[in-house]
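**Student:** Here it is: the structure, laid out below.
The values are calculated or read from the model by the stated rules, or taken from the named source; none is laboratory data. The structure displayed is predicted, hence computed values, not measured ones. Backbone-built Cβ (ideal geometry, glycine too); neighbour counts: all protein chains shown. Just so you know, the surface numbers come from the protein's heavy atoms only, side chains and all, with ligands and any DNA or RNA stripped out. Shrake-Rupley method; radii C 1.70, N 1.55, O 1.52, S 1.80 Å.
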Amino acid sequence: MFRIAEHEQLAPAVHRMRVEAPYVALKARPGQFIILIVDETGERVPFTISGWDRDAGTVDFVFLEVGRTTQQMASLKAGDGFLHFIGPLGRAAELDRYGHVVAVVSGYGIAGMAPVIEGLKEAGNRITTILQASQPETVYGRERLEAASDRLIPAVGDAGPGATAIGALQQLVAEHGKDPIDRVVAMASLCVMRSLCEITRPGQIKTMVHLAPVMVDGTGMCGACRLSVKGNNRFACVHGPEFDGHEVDGWDVLLARRCTYADESIWQQGFQCRGCSQW
């Protein structure tokens, strides 16, 4: 049993958990994820690691209430536990000194991308972070992002063309000649990340996307998270979850597979990406 040390509600239907998992905390790196199973009848569900404390042996992650398992998790409290807590899984994010990096985050990505942004900042980059949320009350984690960013652009609500991550990035790219962008990193809904890649493609701005398609076992055995990268089959769980978005050529398949397990209740949670009906 992996004991829950803390459970905090960050916003409506958004929760942060801190779990005692010393071996996971020992090896966790930015961009990796865990898979947990709540109990003997539970399913395997992946979550991006949002923080860790090697000394305390704890791991943090954030989840949204969007289905049966996450609703069950929302009912758990400190002192309860998970039957299994497996990780860290996946490849860590690329962290180096690139120059001016624009980070785009929304939904669970607000927390999941925080260690990546912090790592990029520590590597000597100048960070501009675009924080997208559908409503002001769904914003969380802003203080942590501000601390790691040189500039934070809130893209909240529907007030004007800059009120989406897509619109905000378009404005930054339009100013590319005056303030060059060396790299874009994103953890948001699939359709938003696909649009971001099309915005940066003409200027050949390297764009790294963190993909979280449907996963089952998380170790490359089942093939549920497969995607096409430069015409080759790749698995997000072992080859990713970070990929060069300009090399991903199977966005339609990724979107269709994601929607297969979605229902109307998910789209009503308030975390929709504005630009398509995909959460």
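**Student:** Can you find a residue that is surrounded by fewer than 16 Cβ atoms within 10 Å (Cβ to Cβ), touching a Gly at 6+ places or on another chain (Cβ under 7 Å) and either modelled with pLDDT under 90 or not in a strand (DSSP E or B) (or both) anywhere in the range 232-242?
**Tutor:** Applying the first criterion (surrounded by fewer than 16 Cβ atoms within 10 Å (Cβ to Cβ)) to the range 232-242 yields 232-233, 238.
Going one step further and asking which of them are touching a Gly at 6+ places or on another chain (Cβ under 7 Å), we end up with 238.
Next, only the ones that are either modelled with pLDDT under 90 or not in a strand (DSSP E or B) (or both) stay: 238.
Scanning the range 232-242 turns up at least one residue that is surrounded by fewer than 16 Cβ atoms within 10 Å (Cβ to Cβ), touching a Gly at 6+ places or on another chain (Cβ under 7 Å) and either modelled with pLDDT under 90 or not in a strand (DSSP E or B) (or both).
**Student:** Going through the range 137-190 one residue at a time, which ones are open to solvent by 70 Å² or more (accessible area, probe 1.4 Å), among the aliphatic types (A, V, I, L, M) and at pLDDT below 95?
**Tutor:** Initially, the range 137-190 is screened for residues open to solvent by 70 Å² or more (accessible area, probe 1.4 Å), giving 137, 142-144, 146-147, 150-151, 158-159, 161, 170-171, 174-175, 177-178, 182.
Checking the rest, the ones that are also among the aliphatic types (A, V, I, L, M) come to 147, 159, 174.
The answer is 159, 174.
**Student:** While we're here: Among the listed residues 223, 124, 218, 141, identify the single one that is on the phi > 0 side of the Ramachandran plot and within 14 Å of the chain's Cα centre (by Cα). Even if it seems obvious, please write down each step before you answer.
**Tutor:** Numbers: 223 fails: within 14 Å of the chain's Cα centre (by Cα); 124 fails: within 14 Å of the chain's Cα centre (by Cα); 218 fails: within 14 Å of the chain's Cα centre (by Cα).
Among 223, 124, 218, 141, only 141 is on the phi > 0 side of the Ramachandran plot and within 14 Å of the chain's Cα centre (by Cα).
**Student:** Here's another thing I want to ask about it. On the basis of being touching a strand residue (DSSP E or B) at 6+ places or on another chain (Cβ under 9 Å), touching a residue at least 40 places away in the same chain (Cβ under 8 Å) and under 20 Å from residue 245 (Cβ atoms), does residue 84 make the cut? Give the derivation first.
**Tutor:** On the way: touching a strand residue (DSSP E or B) at 6+ places or on another chain (Cβ under 9 Å): yes; touching a residue at least 40 places away in the same chain (Cβ under 8 Å): yes; under 20 Å from residue 245 (Cβ atoms): no.
Judged against the criteria, residue 84 is not a match.
**Student:** Report those helices (runs of 4 or more DSSP H) wholly inside the range 47-136 carrying at least 2 residues which are open to solvent by 10 Å² or more (accessible area, probe 1.4 Å) and among the polar types (S, T, N, Q).
**Tutor:** Numbers: elements: 68-74, 109-112, 114-122.
Passing ranges, in order: 68-74.
**Student:** If the Cβ limit is 9 Å and pairs must be 6+ apart or interchain, which residue in the range 129-150 that is in contact (Cβ under 8 Å) with a residue 60 or more places away in the chain pairs with which residue that is in a helix (DSSP H, G or I) and open to solvent by 20 Å² or more (accessible area, probe 1.4 Å)?
**Tutor:** Note: pairs meeting the criteria are 132/166.
**Student:** In addition: I'd like to know if the range 7-22 contains one or more residues that are farther than 16 Å from residue 215 by Cα, in contact with a Lys or Arg (Cβ under 7 Å, 6 or more places away or on another chain), of a type in the set (Gly, Ala, Ser) and buried (at least 22 other Cβ atoms within 10 Å of the Cβ).
**Tutor:** The answer is no, given that none of the residues of the range 7-22 is farther than 16 Å from residue 215 by Cα, in contact with a Lys or Arg (Cβ under 7 Å, 6 or more places away or on another chain), of a type in the set (Gly, Ala, Ser) and buried (at least 22 other Cβ atoms within 10 Å of the Cβ).
**Student:** Taking the conditions exactly as written (of a type in the set (A, V, I, L, M, F, W, C), closer than 24 Å to residue 63 by Cβ and modelled with pLDDT of 90 or more), does residue 130 satisfy them or not?
**Tutor:** Details: of a type in the set (A, V, I, L, M, F, W, C): yes; closer than 24 Å to residue 63 by Cβ: yes; modelled with pLDDT of 90 or more: yes.
Here the answer is yes, as residue 130 does meet what is asked.
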